[in-house]
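Just below is one structure, and these are the notes that go with it.
The values are calculated or read from the model by the stated rules, or taken from the named source; none is laboratory data. The shown structure was predicted, so the numbers you read here are calculated from the model rather than taken from an experiment. Ideal geometry is used to build each Cβ from the backbone, glycine not excepted, and the neighbour counts take in all protein chains shown.
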Amino acid sequence: RIDESILRILRLKSRLGLFRDPFVSRRGVERTVGSRAHRAAADRIAERTTTLLADPGTLLPLSRRSHRNLLVVGADPASPSGTTGPPTSTLANAFGELGFTARALSTGTAPNQAKIAEAVAAAEGRDAVVVATYNVTATSSQRTLVTALVATGVPVVTVAVRNPHDVAHLTGTGVAASLAAYSWTDVELRAAARVIAGHADPEGTLPVPVQRADDPTQVLYPVGHGLSY
């Protein structure tokens, strides 16, 4: 499959003439890369990859009438290219642009008790909490954070910003809905916000199976799993 994928890329490059004339001018790059059309295409691709894994209570999409006031907490891993700030801030800003009121609170990839307590206090009076998760494990304090937030009674939505297997370690915590974004670039986080808010339908499906955390021989969500509205 890797060879087939590489061949598809090479054939496309050949059709575009990139082997005959592989060089471009600086002016051509500035005129083409990052154009409005390219950004719109990136937005569409990101929306189509965002995967809704679970929504047992049909909380999503969030309505501004009933869930306008949001808290966005979670991991803020190192910023790769394509990011302009921490994931929590990017998500909160995206919700703000969609008409929500959202506060960002970074709790890190390994929140301590003080950070967890701060997040719990910040959740008071909110209509929903969105948690950005990053490589959650069975012993991860991110799981402790999510459990503590669920205990407040405020609906919690998790967004795995790297590894879709996060959902397996958060099963049983009482999370209201779980999504996989696979990335914490700005374009993907904005797409995740649009999906959560109902401005885009979740179209993504899992590219890999997600096994149960307590029994890896059992599949929790198979390849191709993905819910829609």
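So here's what we get for this one:
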quantity	calculated
Ala132 vs. criteria over 23 Å from Thr173 (Cα atoms), at pLDDT 95 or above and buried (at least 24 other Cβ atoms within 10 Å of the Cβ)	no
Only listed residue being among the hydrophobic types (A, V, I, L, M, F, W, C), more than 30 Å from Ala119 (Cα to Cα) and at pLDDT 95 or above, chosen from Leu53, Leu10, Leu70, Leu62	Leu10
Residues located in the range 83-97, provided they are surrounded by fewer than 17 Cβ atoms within 10 Å (Cβ to Cβ) and modelled with pLDDT of 95 or more	Gly96, Glu97
Residue check, Val120 part of a helix (DSSP H, G or I), in contact with a helix residue (DSSP H, G or I) (Cβ under 7 Å, 6 or more places away or on another chain) and not basic (Lys, Arg)	yes
Residue pairs meeting the criteria (Cβ under 9 Å; at least 6 apart or on separate chains; first in contact (Cβ under 8 Å) with a residue 12 or more places away in the chain and part of a loop (DSSP other than H, G, I, E, B), in the range 87-113; second surrounded by fewer than 18 Cβ atoms within 10 Å (Cβ to Cβ) and among the acidic types (Asp, Glu))	Thr107/Glu118; Pro111/Glu118
Boolean, Leu98 is of a type outside the set (Asp, Glu) and in contact with a strand residue (DSSP E or B) (Cβ under 8 Å, 6 or more places away or on another chain)	no
Residue match in the range 48-62 (condition: without any contact (Cβ under 8 Å) to a residue 60 or more places away in the chain, among the hydrophobic types (A, V, I, L, M, F, W, C) and out of contact with any Gly (no Cβ under 8 Å at 6 or more places or on another chain))	no
Set Glu188, Glu118, Glu124: member being crowded, with 23+ Cβ neighbours inside 10 Å and among the charged types (D, E, K, R)	Glu188
Those residues of the range 134-168 which are of a type in the set (Ser, Thr, Tyr), closer than 17 Å to Leu59 by Cβ and touching a Ser or Thr at 6+ places or on another chain (Cβ under 6 Å), in sequence order	Thr158
